[in-house]
Amino acid sequence: MPPRKAKIKAQRDWGCVAIKLTKGRSIFDRLSFQRQVSIFFVITAALTMIFVSVIAYTQAITELKKNFKIYTASILKRTKDEIETKFNMVENTLNFIAADYRLQMMDDQNSPVSQRSLAKLLVDSINLNNYQVSVYDRRLTKNLIDDLIIYGNYREKPMVIIGRRDHFTAYGIEQYLTPELLATAQDAQGRAVWSDIFYNQVGARLMVNLPPELLREELNQLAVIKWLSDPQARTGIGYLVASINLARLSDLIEDIVLGKTGRLYIVNQKLQVLASSEKNLILRELPLDELSLQQLGAASAGSIEGEFSGQDSFIHFQEIAPNNWKLVGVIASQEFQASAGVVRNRILAGGILVLAVFAAVAVFAAGNITRPIKNICAFMQKVETGDLSLRVHETGSIEIEQLSQHLNRMIENLAHLLEEMYQEQIFKRRIALKMLHAQINPHFLYNTLESISWMVESGRREVAVELLESLSTIFRVTLSGGRDIIKIGEELDHAENYLRVQRIRYQDKLDYVINVDEGIKKHEIVKITLQPIIENAIYHGIKPKLNGRGTVVVLGHQLDQELIKLSVIDDGVGMSKEKVTQLQAALAEPEINLETEGKGYSLINISSRIKLYFGMDYGLVYTSAEGVGTRVDLYLPVSRKDS
């Protein structure tokens, strides 16, 4: 098989293999290697970033919650300390007043101490409890004590001295100093005793036209009581009472905010709200879920997560001395979630930024990694076109350099192999052509010699001599000194001698005409090209005719500066369109077959010889019509092209 056909067949075979390999591949497998590497890097980076982000977010939330609790607990602790300081200040104020000499003389009817001076003592002592608060950039003075009262429990006539009579909430407070409460204070032996909350009805009659929430705060109050005694006589001289209403208690915490929306509450042992900025909660149970209420009541301090007014919240609490109340701080979980959301968004934004940078680096790195492979692929595409002189010089990794070296060696080996195949094909072609040239139709030779013998016997020696001369010319052209290529003029002499022999043999049944321009006879043609075509015209065109008579016409001229056309025309039986189509398809590819039905010069062999010597653009073209005849056009180059 010629090299060109072998190459075409190999390409077709490899194409089939490539198609088979392509079937069933996934979309990812159809991507370029650079994109596959980039996607792999990006997916790896994304999974890593997701893993790291989840861990970072979890740790950040844990740390944020911890700091959130620490921050809230610190505010709660500081506020509790401030409240306890103010409570202690109330008790210290009572101790300070109790130590005044004027109170020791209070039970002496001849004492020069007047009630007016005692009232002034109380007023001055109340001012010791003043504290400053900032409200809208203004400094306000507040006091926890609503009023101070000296209650002399004399059988003849109880004495009541009130420090400031402009506070109506303390009016009639002596009515709520029950014997049990006074006995408790006396049993305390000078220590201050904190009473339960009571509602001052007397004060309510004096305070009219006020909102119910305000009255509930102002008139619900408690008393801090200290028993007064004469240290010398060791007898009781009365009680010192500090009146504190819930409004004064709320002043301690209502301006303190935990975080952005969290609030503080002071609750008693029954978990009722005593102080709050939310006035509607005063003296009502803290609105926590049942479990949170149980945990709040069971511990003196702690942090829990529960529901406040149906909303998820963080609840922190600490016990307040000396009355075992509790300071409770409540912050909605939404506030924490908002902070957590900020952390999440920052981690997400940072992760996206890092992922984008990593993706850009991955694409760049993948490009550097796959660039040598792309160059090698482009190089192989150039080699595929047939240029085996190219060499690849890619550098990079050790594998790429080794691949380049192996490819270069493979191409060198392939080039040597193709050269060997090419030389082998040329050798086989020359041997085949020489064998074709050496072949002579034995029937033609036998019949010609028999005709010569018959003519000699019949006395037609001149005709016999003519036959012998024509036959010797045929043999001389066939040998041609071993040449494969001869002049067109020599080929025409060979064809004319063949026609002369055939006309003598068939006598009046064959005519021929040769009309070829003299200018083309100097150009080259593969020897013994016209004779087989003429032979085919005689035996397959003219001889099968009913009358057995016909004409063969040989024409030749130059079409242009590069192309010569020779034609062999007969008026024989012709061929069908289907047979002409099949014949043209068989003549399209060069293929020499020495076993073609015993005929050394078949049409396919003739066309193959022309194509192999002059190129694929030249050869035979058949046109024919049944009952009309056949025309064979032979195209040759003006100057021969080496094959």
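The values are calculated or read from the model by the stated rules, or taken from the named source; none is laboratory data. Keep in mind the model is a prediction, meaning the values are calculated, not measured. Positions of Cβ are generated from backbone atoms using ideal geometry, with glycine treated the same way; all protein chains shown enter the neighbour counts. For accessibility, only protein heavy atoms count, side chains too; no ligands or nucleic acids. Shrake-Rupley method; radii C 1.70, N 1.55, O 1.52, S 1.80 Å.
List of remarks:
- In sequence order, calculated HN-Hα J values of the range 573-579 (Karplus, 6.51, -1.76, 1.60; Hz; x Gly/Pro): 6, x, 9, 6, 4, 5, 5
- For the range 220-303, averaging the sequence separation of C-alpha pairs within contact (under 8 Å, six or more residues apart) and dividing by the residue count gives a relative contact order of 18 percent.
- Accessible area in square angstrom per residue, the range 343-403, 1.4 angstrom probe: 68 Å²
- The apolar share of the surface of the range 163-314, taken as the fraction of accessible area on carbon and sulfur atoms (1.4 Å probe, ligands and nucleic acids excluded), comes to 47 percent.
- With K and R counted +1 and D and E -1, the other residues having a Cβ less than 13 Å from that of N220 yield a net charge of -1.
- Accessible surface computed residue by residue for the range 218-258, with neighbouring protein chains in place and a 1.4 Å probe, gives 29 Å² per residue.
- Here the range 514-558 exposes an accessible surface that is 49 percent carbon and sulfur, computed with a 1.4 Å probe and the other protein chains kept in place.
- Solvent-accessible area, 1.4 Å probe, carbon plus sulfur percent, for the range 365-427: 59 percent
- Among 238-248, 484-494, the order from most to least packed when residues are scored by Cβ within 10 Å on average: 238-248, 484-494
- Over the range 240-389, relative contact order from alpha-carbon pairs under 8 Å, at least 6 apart, %: 17 percent
- Overall, the range 191-267 carries a charge dipole of about 220 debye about its Cα centre when +1 sits on the Cβ of Lys and Arg and -1 on the Cβ of Asp and Glu, all other atoms neutral.
- Pairs from the table (K543/K577; K69/K326; K545/K611) lying more than 24 angstrom apart at Cα are K545/K611.
- Spin-label pair M410-I43: with each label point 7 Å from Cα along the Cα-Cβ axis, the two points sit 2.8 nm from one another.
- Gap separating the Cα centres of the range 366-428 and the range 314-354, nearest whole Å: 69 Å
- Look at the alpha carbon pairs under 8 Å that are at least 6 residues apart: their mean separation over the length of the range 164-296 gives a relative contact order of 17 percent.
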